[in-house]
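The values are calculated or read from the model by the stated rules, or taken from the named source; none is laboratory data. Treat the numbers as computed from the prediction; the structure is a model and nothing was measured. Cβ atoms come from the backbone with ideal geometry, glycine included; neighbour counts cover every protein chain shown.
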Amino acid sequence: MAKFDLTDGSVVCIIGSGAGGGTLGNELAQKGVKVVILEAGGRNEIADFVNDEWASFTQLAWTDMRTTSGTWRVARDFPNLPAWIVKAVGGTTTHWAGASLRFQDYEFKARTTYGNIAGANLLDWPVTLAEMEPWYAKAEDKMGTTGTNGIPRLPGNNNYKVLAAGAKKLGYKEVHTGNMSINSQPRHDRGACQQIGFCFQGCKSGAKWSTLYTEIPKGEATGNLEVRPNSMVIHIEHDAAGKVTGVVYVDADGKQQRQKARVIAVAGNSFESPRLLLNSASSRFPNGLANSSGQVGRNYMRHMTGSVYGVFDKPVRMYRGTTMAGIVRDEAANNPKRGFVGGYELETLSLGLPFMAAFLNPGAWGRAFTSAIDDYENMAGLWIVGEDMPRDTNRVTLDAKAKDKNGMPVASVHYDDHPNDAAMRNHAYRQGSAIYEAVGAVRTFPTPPYPSTHNLGTNRMSASARDGVVNKWGQTHDIKNLFVSDGSQFTTGAACNPTLTIVALAIRQADAIAGMMGRKEI
Amino acid sequence: MREIDKRTRVSRRVFLRNSATVLPAAAAALAGMTIGAEEAWAQGATTLKPHTMATLARMARDIYPHDRLADVYYIKAVAGYDALAAKDPKLAKMIEDGVAALDAAAQKAQKSTYLLVAWEKDRVALLTAAEKSPLFQKLRGELLVSLYNNPDVWPKFGYEGESASKGGYINRGFDDINWLPTA
């Protein structure tokens, strides 16, 4: 395993070790580039994961304070927990469910396809599906995505069978167990899914792809990658010419360290990445790094989500087996006749009893609430993932008062649903309920969005430096050796889970960075 | 479908860990404990009054009423407040003041302490009026964990908890649903 000197200014320094940072780090290491990954969280291995929702949340979740505002219900129910994401080596790939879907062609051209939507800040991506296809193919191969590369789909569990039976009764056609980066058979030294459940708590069998036990050890084995856990980056430094030169971070002992670097890639998720750029303001860049457009932190997207649980007169036991066990894709197309642009997926979801109590209807009590929990065993559940509208007022800013233990202002997250999001959610609640009612549900619960797991758009990609923060390679428009490598690059969110696109972009970005370094452009 | 054993189990170990100072060492007949100020578990409190302990348990039951759960699970969920109050005088005062206010409202409306108001509907009306109080807010929020994160209650709701050590569900009914209409 490599160990690089703090003064070694030849390294690429990556901040974050999740889908974006972990993948980028391994890809660069494979090409012979020296890489230091600084990860804010600790390093847990598979053996450390626990099948216990609250204990696992304590082990993995990012619970450092954030603040919230806006009309989204999360701001009321979870004012200091706007996101359910991970602070650990592997980032949110330890927690993710595994759904790996490609954008559709028109979803890279949201502004062109949907037109000028009032109150939205839509923009086309500077890349197309045709350009991304080879990178998606590499990502699917790397991650072992079912339904690609001749990999069979997973078997469906009870929760899936209820969804599929109801969906077929409604006439839905594209219903299957998904494109999941969970091994349905042994592959790449990892075994097949044991239907444990607890996908959100870290996969105990390692069947689910996570950078923790794929990309990171592979990169470390090259001798070109060093991962430093418990290293919270608080500031990015630059020289008089405006090039970034290194980062200041707080190590496991609470001491400040300075890592020099030739190239810096920010991959700390859509809250921490813009927070770090804003907290790195200097006299030369008074509004924060890479922020000449004023777009750093803006256009925060979190997908239009929500859940529907259906109660039946017989047991389902939805928690048995993979958490996201199947999908209905028929509503994913853009069909404005429904009263909104963009589309949504319906994907099974289950929570254990402790989290069902916490998330079914936060704040509720009394018999209306407990009669729902009484039916836990007879519930089937699905989650809605739809495209939400980017708005420049939905944004991450630095909190004016709250600071973290290092004295840095925390991220403050503002979000208001766009009317398009609200119309889509109502449609999805109706369709989700109809699926369950078609196979005998006696009650259905339209459940409000959880703290966000898909956090996107706060350093968006744009063709013009006026409209966004990074170019088509994730390179910031303003500073050529500063990159963004996580979901904050997303110009728009599409109607699908973002991880596959984050990984495909990271593989592509590694190629671009290595090329630019080779040509001495950076 | 593979069914679940729902018979009552109360693990003494967890109980004692959560409520070391409340329970007499005997911890006898755990499963048979009921909510009442004269009960041994409430009398064993060292900082909070027995009446306060019993009131907290009654509040817990009224906030999240599950007829399938015996009183012991609600007692268990609030038992730890005595030890916490012993270490935190502000918390002790907040709890005692909250219970006193609830009792004052109950005396006015029902001529009884809250604990002894006979009908749940009437107690719920008192709780609704106290919804914004610090005691209610704290209790409601913490019960989500202290009540529902107790592995002893999980089988009552048909939840099986940890599965990795048992080999997951691949051979234990992940797809054994047998009542769905066939296309």
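Going by what's in this entry, would B:Ala85 be described as without any contact (Cβ under 8 Å) to a residue 40 or more places away in the chain, assigned to a helix (DSSP H, G or I) and either touching a helix residue (DSSP H, G or I) at 6+ places or on another chain (Cβ under 9 Å) or under 30 Å from A:Leu154 (Cβ atoms) (or both)?
Taking the combined requirement at face value, the residue satisfies it.
Every test in (1) crowded, with 17+ Cβ neighbours inside 10 Å; (2) within 14 Å of A:Asp52 (Cα to Cα) is passed by B:Tyr169 save one, and that test is (2). Among the residues of segment A:365-424, those identified as part of a helix (DSSP H, G or I) and away from chain B (no Cβ under 14 Å) are A:Pro419, A:Asn420, A:Asp421, A:Ala422, A:Ala423, A:Met424. Would you call A:Ile151 of a type in the set (A, V, I, L, M, F, W, C), surrounded by fewer than 22 Cβ atoms within 10 Å (Cβ to Cβ) and on the phi < 0 side of the Ramachandran plot? Judged against the criteria, A:Ile151 is a match. For segment A:118-161, residues that are within 14 Å of chain B (Cβ to nearest Cβ) and either in a helix (DSSP H, G or I) or modelled with pLDDT under 95 (or both) total 4. The C-beta contact set for segment A:408-422 (first residue under 21 Å from A:Asn279 (Cα atoms) and hydrophobic (A, V, I, L, M, F, W, C), second residue in a helix (DSSP H, G or I) and at pLDDT 95 or above, distance under 7 angstrom, 6+ apart or interchain) comprises A:Met408/A:Asn279; A:Ala411/A:Phe271; A:Ala411/A:Glu272; A:Ala411/A:Arg275; A:Val413/A:Phe271.
Among the residues of segment A:172-186, the one identified as of a type in the set (Gly, Ala, Ser) and within 12 Å of chain B (Cβ to nearest Cβ) is A:Ser184.
Whether any residue in segment A:290-309 is of a type in the set (D, E, K, R), within 14 Å of chain B (Cβ to nearest Cβ) and part of a loop (DSSP other than H, G, I, E, B) is what I want to check.
To start, the set of residues in segment A:290-309 that are of a type in the set (D, E, K, R) comprises A:298, A:302.
From what's left, within 14 Å of chain B (Cβ to nearest Cβ): none.
No, every residue in segment A:290-309 fails to be of a type in the set (D, E, K, R), within 14 Å of chain B (Cβ to nearest Cβ) and part of a loop (DSSP other than H, G, I, E, B).
Pairing residues of segment B:138-162 that are farther than 30 Å from B:Lys90 by Cβ and within 7 Å of another protein chain (Cβ to nearest Cβ) with residues that are surrounded by fewer than 20 Cβ atoms within 10 Å (Cβ to Cβ) and among the charged types (D, E, K, R), at Cβ distances under 7 Å and at least 6 apart in sequence or on separate chains, gives B:Glu162/A:Asp52. Of the residues making up segment B:140-183, those that are in contact with a Leu (Cβ under 9 Å, 6 or more places away or on another chain), in a loop (DSSP other than H, G, I, E, B) and of a type outside the set (Ser, Thr, Tyr) are B:Leu147, B:Asn149, B:Val153, B:Gly158, B:Gly161.
Among residues that are touching a residue at least 40 places away in the same chain (Cβ under 8 Å), in contact with a helix residue (DSSP H, G or I) (Cβ under 9 Å, 6 or more places away or on another chain), within 14 Å of another protein chain (Cβ to nearest Cβ) and assigned to a loop (DSSP other than H, G, I, E, B), A:Pro362 is included.
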